[in-house]
1. I'd like the orientation of helix 107-117 relative to the chain: the angle between its Cα long axis and the longest Cα principal axis, in ° from 0 to 90, rounded to 10.
2. Would you mind calculating the gained length between Trp369 and His28 on full extension (0.36 nm times residue separation, minus the Cα-Cα distance), in nm to one decimal?
3. With the crude spin-label approximation of a point 7 Å out along Cα→Cβ, what separation in nm comes out for Ala273 versus Thr3?
4. Quick one: Val167, Val130, Val182, fewest Cβ neighbours within 10 Å first, how do they rank?
5. How many nm separate the modelled label positions at Arg254 and Leu352, each set 7 Å beyond the Cα in the direction of the Cβ?
6. Based on other C-beta atoms within 10 Å, arrange Glu76, Glu109, Glu306 from fewest to most.
7. Enumerate by residue number the trypsin sites (Lys or Arg not before Pro) in region 78-168 meeting two conditions: DSSP loop (anything except H, G, I, E, B), and at most 12 other Cβ atoms within 10 Å of the site's Cβ.
8. For region 1-22 and region 206-276, compute the distance between their C-alpha centroids and round to whole Å.
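Please treat every number below as a calculation from the coordinates, not as lab data. Just so you know, these numbers come straight off a predicted model, no measurement behind them. Because the Cβ atoms are built from the backbone with ideal geometry, glycine has one as well, and the counts that use them run over all protein chains shown.
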Amino acid sequence: MGTPRIAVVGAGIGGLAAAAALTRAGLHCDVFDRRDHPGLSGLGLGIQISPNGARALRDVGAVPHPESVIRPDAVELRRWRDSALIGRAPLDDAEDRYGAPYLALTRAELSGALLSAMDGGELHLGRRCVGAEVRREGVRLRFADGGEHLADLVVGADGVHSALRGVLGGDGGLGPRFSGHVAYRAVIPADDLPAHLVRPHRVRVWLGPGRHCVCYPVRGGRMVNVVATAPSRSPAVPAERLITGYADWCGSVRALLSAAAGRGRVWPLYAGAPVPHRHRGGLVLLGDAAHPALPWVAQGASQALEDAVTLARCLAAGAPLSRYDALRGARAQRVAAAVRTAADEHHLPDGLRQRRRDRRLATPPDRDWLYGYDAAAGAAS
């Protein structure tokens with residue numbers, strides 16, 4: 001058999017990472033995306049890449065510009081009302097401990113690094129995939145403009161609202177649903193904030209009843225990324241109403257959201273169980289298309305990067321797609337369990353369970369299983 005025809009659907013983080021990993025393995029691919037610009041929507045917003053994801057970035061040859069990337073020295077958990085410290089997990093030893101750093105950067109910087117690493121792949125923008133058929137001769141993609149494309153292998157990296165997930169079956173065609181949470185996201189100049197919210201460079205998380213707020217520096221510390229969540233019955237919530245819900249929180253959170261007002265937008269959050277199987281014939285899923293999850297443990301991008309490395313290594317070694325499915329299925333289930341725990345514990349009302357949580361989190365939780373994972377080594381084992 002000659003060189004396989006590979007198509008990647010979606011030019012978000014997962015799709016670009018898959019294309020970079022595949023081209024690095026000597027496999028040409030065509031990348032299709034519905035948007036006119038590659039990368040995720042919200043390119044200016046921040047994103048966290050834990051050491052497992054940073055190692056995968058290195059594996060695909062993607063190197064973000066060092067002057068724009070922040071390496072936080074810790075993750076701090078704080079109380080909602082008075083900003084009292086609950087627990088601090090150090091990150092300044094991440095390189096020594098896990099073989100890769102913890103990174104904070106913008107999605108634009110990450111997408112740019114992945115695009116630069118996608119040497120040999122061909123990008124087709126403005127092509128919205130609406131479905132696919134798995135046939136004996138390959139996988140035939142259908143596009144909204146009426147066009148089609150036949151490939152031996154299709155990598156579905158088209159996100160949480162994947163058009164390809166239903167082709168695999170097992171989810172009733174429903175896919176992820178609105179989680180009952182929304183998030184206000186904004187990036188604001190560091191100069192507009194009190195100094196203690198900018199330095200030291202840390203990921204700061206305030207936990208409170210029903211909601212939480214996160215901030216961390218990006219763009220070399222010149223900007224600060226802010227995320228504030230809220231419960232909601234509807235995916236559409238006015239930003240002003242979401243921010244008003246933090247009116248009785250501590251001064252640090254109020255200062256963040258006051259500076260962020262008018263600079264961001266509200267995003268509905270969707271979630272669902274990982275798909276029971278990641279492939280059918282020559283169609284395989286990765287990233288949010290395969291395991292959509294709430295961002296409570298900041299693993300969305302890192303898990304997509306792991307997926308990309310694992311898939312490319314399996315294909316380069318001539319392993320069947322069932323090998324990729326088995327490796328990523330077990331990993332996704334464990335990460336999903338951690339997300340469910342965080343979804344409960346992040347938003348506890350004040351009381352006995354909250355006090356027990358705070359005592360437990362005073363000691364940093366074990367993250368070695370998460371941050372120490374090496375996707376390339378896992379695929380080779």
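1. Approximately 30 degrees, to the nearest ten.
2. 119.5 nm
3. In this crude spin-label approximation the distance works out to 4.1 nm.
4. Placing the least packed residue first, the sequence is Val130, Val167, Val182.
5. 3.3 nm
6. Ordered by Cβ neighbours within 10 Å, fewest first: Glu76, Glu109, Glu306.
7. Working: sites: Arg78, Arg79, Arg81, Arg88, Arg97, Arg107, Arg127, Arg128, Arg135, Arg136, Arg140, Arg142, Arg165; in loops: Arg81, Arg127, Arg128, Arg136.
Those satisfying the criteria are Arg136.
8. Cα centres, region 1-22 to region 206-276: 33 Å.
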